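To keep things clear, I will list the structure first and then write my remarks on it.
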Amino acid sequence: MSALIVIPARLAATRLPNKPLAMIGDRPMIVHVWQRTVAANAGPVIVAAGDQAIADAIKAAGGIAVMTDPDLPSGSDRVHAAAEIFDPKGEHDIVVNVQGDLPTLEPRLIPAAIRALKDPAFQIGTVVAPITLQEELTDTAVVKAALSLAPGADVGPALYFSRNLIPSGPGDHYHHIGIYSFRRAALRRFVTLKPTVLELRERLEQLRAIEDGMRICAAVENTIPLGVDTPADLDRARKLLGFA
């Protein structure tokens, strides 16, 4: 499988305006994410920039940025648009969507998302990690994944995602990490779909794919990157990266 890794980013954000350009040490957050993604050595990395300032920051760091329409409705739409511009002939059959607000991302999560698509029966791959903190079980900001995981396996079908605790009963619970790998045809189809009932109810875009009949496979890892959504998250990221 040949993968293209795309990091979508735009400046508009309600809780943390200009988030991709927030400084962590001497670099904007989007540059931290780009550097960690490049370190995965999983394929070419581009940033799908909704604003020129983001593209300028990436180019100054030595990276590749593709300008996309700032009015695109989601990161997935931005990833698709950038992939079509950068690779119009479809030479990369896998497109990986890495969120631009994960400055503590462990590079190994990207090949893990690609590994989740080893079985051709699945159209979308993603990554999860076992929940080890009790408070995460009831935190609705933590998305949980219900997996059909065989004993000893580290990949398995993801049957549902929810902000509530699923499934019930004893056993492991999994924190969903927002990194996706798409087969090229699946991404092209996904961005044509309208939001669905469950997606709107749970506020989880991946349920649109499940409702459409697409199959999602998840790879299990043991690290959870910090997603930066608020000023408090940004302060925590600075501390974790030694820039407090």
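The values are calculated or read from the model by the stated rules, or taken from the named source; none is laboratory data. Not measured: the values here are computed from a predicted model. Don't worry about glycine lacking a Cβ; one is built from the backbone with ideal geometry, like all the others, and counts go over all protein chains shown.
Miscellaneous remarks
- Considering Pro157, Pro151, Pro167, the condition of being part of a loop (DSSP other than H, G, I, E, B) and either touching a residue at least 12 places away in the same chain (Cβ under 8 Å) or surrounded by 15 or more Cβ atoms within 10 Å (Cβ to Cβ) (or both) is satisfied by Pro167 alone.
- Leading residue by the ranking (surrounded by the most Cβ atoms within 10 Å (Cβ to Cβ)) among those in the range 210-241 that are without any contact (Cβ under 8 Å) to a residue 40 or more places away in the chain and in a loop (DSSP other than H, G, I, E, B): Asp212
- Scanning the range 1-30 for residues that are under 14 Å from Arg238 (Cβ atoms) and assigned to a helix (DSSP H, G or I) turns up Lys19, Met29.
Okay, residues lined up against (1) modelled with pLDDT of 95 or more; (2) among the small types (Gly, Ala, Ser); (3) more than 28 Å from Lys194 (Cα to Cα); (4) assigned by TED's automatic domain parsing to the domain that holds Leu193:
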site	(1), (2), (3), (4)
Ala3	yes, yes, no, no
Ala12	no, yes, no, no
Pro17	no, no, no, no
Met29	yes, no, yes, no
Lys59	yes, no, yes, no
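- For the range 185-209, the tally of residues that are closer than 12 Å to Ile124 by Cβ and either buried (at least 17 other Cβ atoms within 10 Å of the Cβ) or modelled with pLDDT under 95 (or both) stands at 8.
- Only one of Pro88, Pro111, Pro130 that is more than 20 Å from Val38 (Cα to Cα) and assigned by TED's automatic domain parsing to the domain that holds Gly213: Pro130
- Test: residue in the range 44-62 that is surrounded by fewer than 16 Cβ atoms within 10 Å (Cβ to Cβ) and either touching a residue at least 60 places away in the same chain (Cβ under 8 Å) or touching a His at 6+ places or on another chain (Cβ under 7 Å) (or both): no
- Count - residues of the range 39-75 that are assigned to a helix (DSSP H, G or I) and in contact with a Pro (Cβ under 8 Å, 6 or more places away or on another chain): 4
- Residue check, Ile54 within 29 Å of Pro195 (Cβ to Cβ) and touching a Gly at 6+ places or on another chain (Cβ under 7 Å): no
- Whichever residue in the range 68-113 is closer than 14 Å to Ala186 by Cβ and of a type in the set (A, V, I, L, M, F, W, C) and, among such residues, is surrounded by the fewest Cβ atoms within 10 Å (Cβ to Cβ): Ile94
- Residue identified as touching a His at 6+ places or on another chain (Cβ under 6 Å) and either touching a residue at least 24 places away in the same chain (Cβ under 8 Å) or surrounded by fewer than 19 Cβ atoms within 10 Å (Cβ to Cβ) (or both) among Ile30, Ile24: Ile24
- Matching residues, the range 1-56, being out of contact with any Ser or Thr (no Cβ under 7 Å at 6 or more places or on another chain), among the small types (Gly, Ala, Ser) and farther than 16 Å from Ser181 by Cβ: Ala9, Ala12, Ala13, Ala22, Gly25, Ala39, Ala53, Ala55
- Scanning the range 109-151 for residues that are within 13 Å of the chain's Cα centre (by Cα) and not β-branched (Val, Ile, Thr) returns Leu109, Pro111, Ala112, Ala113, Gly125.
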